[in-house]
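Asker: The structure is given below, and queries will be raised subsequently.
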Amino acid sequence: MAKWVRPTLNTKYHIDFDWWAEQGLNFRSYLSSQLCDECKPKYADARAAELVDWVDPVTAEVKRVDALWQALKSCCSTRADYIAETTPLTTAIFRMFLANDNTPLSPAELAENLAKRGSRRYSAEDILRTLSRGPIYRGIKPVPTE
């Protein structure tokens, strides 16, 4: 059973997809709202763009992946304005997880990665406060520890 502890600067967070289902929210619909202006017309109907073939550049293995997620990773997240100085912190954090394939990151790692991407410089403490106070934002939760 997972154990929950008070989050610290080194606590890893991720997007918990189960949270979306538990809240009765449509993750794919929100995902489509994060697309860049170039990709939005291509994926105007989020339901129609479900799975595409993707070739792993390291192993050459072909995998079926979510088309919206792949568009975000391969196009949108590479644009300079995807995470910009004016991007709100909560949106920037969410987009960072999308760009990193939802790899768990700590507030310290988020602060470092956001600064590299052109976001306003936030301290790890500010990010921790944002993630650990109030309601859960877009399913971003600590990764449960065993």
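The values are calculated or read from the model by the stated rules, or taken from the named source; none is laboratory data. Quantities reported herein were computed from a predicted structural model and do not represent experimental measurements. Here Cβ is always computed from backbone atoms with ideal geometry, including for glycine, and neighbour counts include all displayed protein chains.
Per-residue answers, yes or no, for (1) under 16 Å from Pro7 (Cα atoms); (2) part of a loop (DSSP other than H, G, I, E, B); (3) modelled with pLDDT of 90 or more:
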{"position": "Lys63", "(1), (2), (3)": "no, no, no"}
{"position": "Trp69", "(1), (2), (3)": "no, no, no"}
{"position": "Leu72", "(1), (2), (3)": "no, no, no"}
{"position": "Thr91", "(1), (2), (3)": "no, no, yes"}
{"position": "Ala108", "(1), (2), (3)": "yes, no, yes"}
{"position": "Glu112", "(1), (2), (3)": "no, no, yes"}
{"position": "Asp126", "(1), (2), (3)": "yes, no, yes"}
{"position": "Ile136", "(1), (2), (3)": "yes, yes, no"}
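Asker: Then there is this: Taking only pairs six or more apart or across chains, which ones have beta-carbon atoms under 8 Å, a first residue in the stretch 15-42 that is surrounded by 15 or more Cβ atoms within 10 Å (Cβ to Cβ) and assigned to a loop (DSSP other than H, G, I, E, B), and a second residue that is among the basic types (Lys, Arg) and modelled with pLDDT of 90 or more?
Answerer: Qualifying pairs under 8 Å: Asp16/Lys141; Gln34/Arg95; Cys36/Arg79.
Asker: Still on this structure, please answer the following. Scan the stretch 62-81 for residues that are farther than 17 Å from Met96 by Cα and of a type outside the set (Lys, Arg) and report the count.
Answerer: Within the stretch 62-81, the first condition is being farther than 17 Å from Met96 by Cα, and the residues that meet it are 62-67.
If we keep only those that are of a type outside the set (Lys, Arg) as well, we get 62, 65-67.
Residues in the stretch 62-81 being farther than 17 Å from Met96 by Cα and of a type outside the set (Lys, Arg): 4 in total.
Asker: Go through the residues of the stretch 98-106 one by one and say whether even a single one is over 24 Å from Ala44 (Cα atoms), touching a residue at least 40 places away in the same chain (Cβ under 8 Å) and buried (at least 18 other Cβ atoms within 10 Å of the Cβ). Reasoning before the result, please.
Answerer: Quick first cut of the stretch 98-106, residues over 24 Å from Ala44 (Cα atoms) only: 103-106.
Within this subset, residues satisfying the condition of being touching a residue at least 40 places away in the same chain (Cβ under 8 Å) are 103-106.
From what is left, the residues that are buried (at least 18 other Cβ atoms within 10 Å of the Cβ) are 105-106.
Taking every residue of the stretch 98-106 in turn, at least one turns out to be over 24 Å from Ala44 (Cα atoms), touching a residue at least 40 places away in the same chain (Cβ under 8 Å) and buried (at least 18 other Cβ atoms within 10 Å of the Cβ).
Asker: If you take the residues of the stretch 1-25 that are among the polar types (S, T, N, Q) and closer than 18 Å to Pro135 by Cα, which of them is modelled with the lowest pLDDT? Walk me through how you get there before you give the answer.
Answerer: Start the filter on the stretch 1-25 by keeping residues that are among the polar types (S, T, N, Q), which leaves 8, 10-11, 23.
Among the residues that remain, those that are also closer than 18 Å to Pro135 by Cα are: 8, 11, 23.
Numbers: Thr8: 87, Thr11: 93, Gln23: 93.
It comes out as Thr8.
Asker: Please give the number of the condition Lys116 fails out of (1) part of a helix (DSSP H, G or I); (2) surrounded by 12 or more Cβ atoms within 10 Å (Cβ to Cβ).
Answerer: (2)
Asker: Follow-up question, since we're still on this one. Quick check: is even one residue across the stretch 42-60 within 20 Å of Arg117 (Cα to Cα) and in contact with a Lys or Arg (Cβ under 8 Å, 6 or more places away or on another chain)? Let's see the steps before the verdict.
Answerer: Our first condition is that a residue be within 20 Å of Arg117 (Cα to Cα); within the stretch 42-60, this holds for none.
Within the stretch 42-60, none of the residues are within 20 Å of Arg117 (Cα to Cα) and in contact with a Lys or Arg (Cβ under 8 Å, 6 or more places away or on another chain).
Asker: Right, next: Which members of the stretch 46-61 meet the condition of being modelled with pLDDT of 80 or more and either under 16 Å from Asp101 (Cα atoms) or of a type in the set (A, V, I, L, M) (or both)?
Answerer: Ala60
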